[in-house]
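Working notes, beginning with the structure itself.
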Amino acid sequence: MRLASMSAACAVPDFPLHAHPRLHPAFLPLMSLACAIAVANIYYAQPLLDQLALGFHTSVAGISAVPACTQLGYAAGLIALGPLGDRYPRHRVIMVIGAALVLMLLGAALAPTVPLLAAASLGVGLTASLAQQIIPLVAHLATPERRGRAIGLVMSGLLLGILGGRVVAGMLGQWLGWRMVFGLAAVLNLGSLAMLWRVLPRLPVENAAGGGYLQLVASTVRQFGRHAELRSASLVGALFFASFSVFWVGLTPLLAAPPYDLGPAAAGLFGILGLTGALVAPLSGRRSDRPGGARRVLYLALACVVLSWLVFAGARQSIAWLVLGVVLLDAGVQGSQIANQTRIFALDAAARSRINATYMTLYFLGGAAGTAIAGQAWGFGGWPAVVGAGAGLGVLALLLHALWNPSRR
């Protein structure tokens with residue numbers, strides 16, 4: 001009843017056909033919440049790796065296909081479903097994808113084998129991409145001079161989902177088991193879907209992309225060739241998100257091993273520390289709105305990512321180094337992402353969904369690669385190998401950004 005009354009109070013009426021309709025004050029916070037709930041689904045498995053490995057009688061490396069498939073599914077969803085927002089009304093696209101997400105989560109909760117869990121995780125990732133339908137909608141509705149701030153607020157929700165998903169999964173997994181985590185996630189996403197049905201603006205498509213579905217997907221791929229700024233942002237984003245994923249996958253076996261000997265709840269609770277990164281979102285958004293600001297924000301944020309790995313090198317001696325490193329890493333990744341998306345959403349208003357789909361596809365391919373690298377690095381050399389892999393990816397992102405400046409051309 002409370003959800004229904006809040007939704008009714010915050011309902012957004014049908015908007016007239018002009019570029020920047022007046023929004024209800026609660027609209028952006030609700031979109032931030034919806035993004036958080038959707039993207040959290042991608043990360044539920046990461047703090048449960050030891051529990052999943054025990055349940056299916058395999059190793060952490062053997063079960064690492066599950067979170068990797070989720071991120072691969074997300075990347076596939078971006079390229080296969082992301083462009084639909086440029087062709088069909090976004091509220092309809094979001095509702096259909098959201099309903100499919102609930103079904104995929106139920107499939108994950110009931111999966112009897114690792115291959116079936118991996119397949120369900122692929123579907124969860126595919127449909128959790130509805131968050132990337134919401135972000136271009138917000139970018140479209142915001143005025144140009146406030147676009148960075150609006151994206152920053154919604155991206156705060158995205159980071160809350162990324163890190164909060166680990167917290168919830170770690171705690172519930174330890175108390176109730178991993179299957180209950182996915183079952184409760186299905187219920188939570190069903191509630192979010194009901195809220196979205198009430199508050200999403202019923203905007204018709206303006207300047208809809210022409211042609212059939214395959215042409216729409218092909219047009220999405222072509223955005224990468226059209227915009228040098230998009231190529232730069234996409235490759236840098238893939239590298240820093242790979243570095244981010246290396247840490248969060250490597251953290252679980254680190255905490256489970258001596259000298260810590262901690263369970264999945266502890267791995268999840270580290271996500272709370274990472275939530276401090278959400279505090280940089282409004283500041284990063286405001287700074288990115290200034291001329292040349294996005295590039296300067298990205299320099300500083302990537303430097304934080306690299307610095308975090310220097311701090312993580314001491315994590316086996318003291319948990320304090322882990323605490324400090326998590327704050328630096330998540331603040332850096334959050335600032336980098338907002339700066340990148342402010343850059344790409346300024347490129348072509350008529351192709352925002354396709355541009356965002358291209359960027360986020362490469363971004364999550366980087367995340368999937370980082371997830372796979374972390375599992376193999378741990379098996380090869382433990383935590384020092386994980387630190388080396390994560391630091392190397394962060395340094396590559398910083399060097400690429402420093403050496404490639406499309407705006408000078």
Is it the case that the stretch 208-217 has a residue that's over 20 Å from Leu137 (Cβ atoms), modelled with pLDDT of 85 or more and hydrophobic (A, V, I, L, M, F, W, C)? no
Looking only at the stretch 29-58, count how many residues are more than 13 Å from the chain's Cα centre (by Cα), buried (at least 20 other Cβ atoms within 10 Å of the Cβ), assigned to a helix (DSSP H, G or I) and among the hydrophobic types (A, V, I, L, M, F, W, C). 6
Name, by its number, the condition in (1) in a helix (DSSP H, G or I); (2) at pLDDT below 90 that does not hold for Ala238. (2)
Which residue, of Ile319, Ile338, Ile272, is of a type in the set (Val, Ile, Thr), surrounded by fewer than 18 Cβ atoms within 10 Å (Cβ to Cβ) and modelled with pLDDT under 85? Ile272
Test result for Leu126, among the hydrophobic types (A, V, I, L, M, F, W, C), farther than 26 Å from Thr58 by Cα and at pLDDT 85 or above: no
For the subset of the stretch 316-348 comprising residues that are among the small types (Gly, Ala, Ser) and either over 20 Å from Tyr363 (Cβ atoms) or assigned to a helix (DSSP H, G or I) (or both), which member is farthest from the chain's Cα centre (by Cα)? Ser318
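Is it true that Leu105 is under 22 Å from the mean Cα position of the chain (by Cα), more than 26 Å from Leu235 (Cα to Cα) and surrounded by 24 or more Cβ atoms within 10 Å (Cβ to Cβ)?
yes
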Any residue at all in the stretch 394-405 that is surrounded by fewer than 18 Cβ atoms within 10 Å (Cβ to Cβ), in a loop (DSSP other than H, G, I, E, B), at negative phi and not small (Gly, Ala, Ser)? yes
Considering only residues that are closer than 20 Å to Asp261 by Cβ and of a type in the set (A, V, I, L, M), which ones fall in the stretch 170-187? Met171
Sort through Leu101, Leu81, Leu153, Leu52 and tell me the only one that's at pLDDT below 80 and either in contact with a helix residue (DSSP H, G or I) (Cβ under 8 Å, 6 or more places away or on another chain) or on the phi < 0 side of the Ramachandran plot (or both). Leu153
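Please tell me if Ala357 is assigned to a helix (DSSP H, G or I), without any contact (Cβ under 8 Å) to a residue 24 or more places away in the chain and hydrophobic (A, V, I, L, M, F, W, C).
Working: assigned to a helix (DSSP H, G or I): yes; without any contact (Cβ under 8 Å) to a residue 24 or more places away in the chain: no; hydrophobic (A, V, I, L, M, F, W, C): yes.
Taking the combined requirement at face value, the residue does not satisfy it.
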Can you tell me how many residues within the stretch 360-393 are surrounded by fewer than 21 Cβ atoms within 10 Å (Cβ to Cβ) and either aromatic (Phe, Trp, Tyr) or not in a helix (DSSP H, G or I) (or both)? 2
Looking only at residues that are among the hydroxyl-bearing types (Ser, Thr, Tyr) and within 23 Å of Phe364 (Cβ to Cβ) in the stretch 245-261, which one is surrounded by the most Cβ atoms within 10 Å (Cβ to Cβ)? Thr252
State whether the residues of the stretch 59-74 include one that is part of a helix (DSSP H, G or I), at pLDDT below 80 and within 21 Å of Tyr213 (Cα to Cα). no
Looking at this structure, is Ala313 over 21 Å from the mean Cα position of the chain (by Cα), within 18 Å of Val249 (Cα to Cα) and touching a residue at least 24 places away in the same chain (Cβ under 8 Å)? yes
Pairs only if they're at least six apart or on different chains, beta carbon under 6 angstrom, first in the stretch 17-40 and under 14 Å from Val138 (Cβ atoms), second at pLDDT 90 or above; list them, first residue then second. Ala34/Ser192; Ala34/Leu196; Ala38/Ala128
Kindly indicate which of Gly73, Gly82 is under 22 Å from Val199 (Cβ atoms), buried (at least 24 other Cβ atoms within 10 Å of the Cβ) and small (Gly, Ala, Ser). Gly82
Among Leu116, Leu141, Leu105, Leu137, the single one that is under 28 Å from Trp178 (Cβ atoms), among the aliphatic types (A, V, I, L, M) and touching a residue at least 40 places away in the same chain (Cβ under 8 Å) is Leu105
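The values are calculated or read from the model by the stated rules, or taken from the named source; none is laboratory data. Everything quoted here is computed from the prediction, not taken from an experiment. For neighbour counting, all protein chains shown are included, and Cβ atoms are generated from backbone atoms with ideal geometry for every residue, glycine included.
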